[in-house]
Structure formats: structure tokens, C-alpha cells
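**Student:** Handing you this structure, nothing more for now.
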Amino acid sequence: MNAHTSHRSAFHKLPVFPVLLAQLVVLLLAAATLFGWRGAVESYSGLCGGLIAWLPNLYFAYKAFRFSGARAAQAIIRSFYAGEAGKLILTAVLFALTFAGVKPLSALAVFGVFVLTLSVGWFSPLLIRAKHSRP
């Protein structure tokens, strides 16, 4: 069995899926909160910031977890590098498109929800550990 035909799990069964789902929920809740608190401009600005964080993470997860098994070690390493490079490029492109094309825009809301969405990933080891330590 080669790397291209190795066993692939369904995307929703990957260990990273709960983190991606939590990030999506956080960015949507943040955008909804901003709408109620500050209005539409801050809301869609925050939504843009959250999507700038979430979409590249989704891309990375897809690229990085395509292969499994010891025989696919080289393909796994290449996928991680390609996923990380793509994630950085996609993040830069999404920021450029947002600041060039979305008017009016609240930069504070963009960066705030961007960081908030990323922070879910930073604290995900705590979420995963808590999930696995339950009886």
C-alpha cells in the first residue's frame, strides 16, 4: 500500500475536527456578539477576521492529515510542510483581500476575532486533554 492509497479517515473523525468546530463556533458567536454590541460593520469585520484564521487552519488540517501509517511517513512530512506553507500564504492573501476589498471595515474587530479564533487552537491541548480524561 503506498502513500496515495493509504487508509484515510473521514474528515469529521480526525483528531483536529473538534478544534476546527470549536473555532468555527467561537468566530460565529463573536460575530453575533459584535452585531448586538457594536453593529453591522464590526460584526462582518469580526466575521472576516475569524474566517481569515479558520479557513487556513481548515486547509492545513486537510493537507496535514491526508495520509496515515508508517509507510506514508515521507508523504506525511511533505503534507505538513505544504499545509503550513499554504496556510501562511492563504492567511496573507485573505488579509490583503479583506483590507483591500471590504469597506467600511473595523480593523480592531478583524484582528480581535482573528486572535480569538486562533486562541482556540492554542488552548486546544487543554480541551483535548479534558475530553480524554473523562471517565
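The values are calculated or read from the model by the stated rules, or taken from the named source; none is laboratory data. Owing to the predicted nature of the structure, the values given are computational and were not obtained by experimental measurement. Here Cβ is always computed from backbone atoms with ideal geometry, including for glycine, and neighbour counts include all displayed protein chains.
**Student:** Starting from the stretch 111-135, keep only residues that are over 24 Å from Leu94 (Cα atoms) and modelled with pLDDT of 95 or more, then list their pairs with residues that are of a type outside the set (S, T, N, Q) and in a loop (DSSP other than H, G, I, E, B) whose Cβ atoms are within a distance under 9 Å, requiring at least 6 positions of separation or different chains.
**Tutor:** Cβ pairs passing all conditions: none.
**Student:** May I ask you to list the residues in the stretch 35-68 that are crowded, with 19+ Cβ neighbours inside 10 Å, of a type in the set (A, V, I, L, M) and modelled with pLDDT of 95 or more?
**Tutor:** Leu47, Leu51, Ile52, Ala53
**Student:** Say we look at the stretch 21-34 and pick out the residues that are out of contact with any Gly (no Cβ under 8 Å at 6 or more places or on another chain) and of a type in the set (Val, Ile, Thr); which of these is modelled with the lowest pLDDT?
**Tutor:** Going through the qualifying residues, I end up with Val25.
**Student:** Within the stretch 101-110, can one find any residue that is touching a helix residue (DSSP H, G or I) at 6+ places or on another chain (Cβ under 9 Å), modelled with pLDDT of 80 or more, β-branched (Val, Ile, Thr) and under 18 Å from Leu20 (Cβ atoms)?
**Tutor:** No, because not a single residue in the stretch 101-110 is touching a helix residue (DSSP H, G or I) at 6+ places or on another chain (Cβ under 9 Å), modelled with pLDDT of 80 or more, β-branched (Val, Ile, Thr) and under 18 Å from Leu20 (Cβ atoms).
**Student:** For the stretch 69-113, what are the residues that are loosely packed, with under 15 Cβ neighbours inside 10 Å, small (Gly, Ala, Ser) and not in a helix (DSSP H, G or I)?
**Tutor:** Gly69
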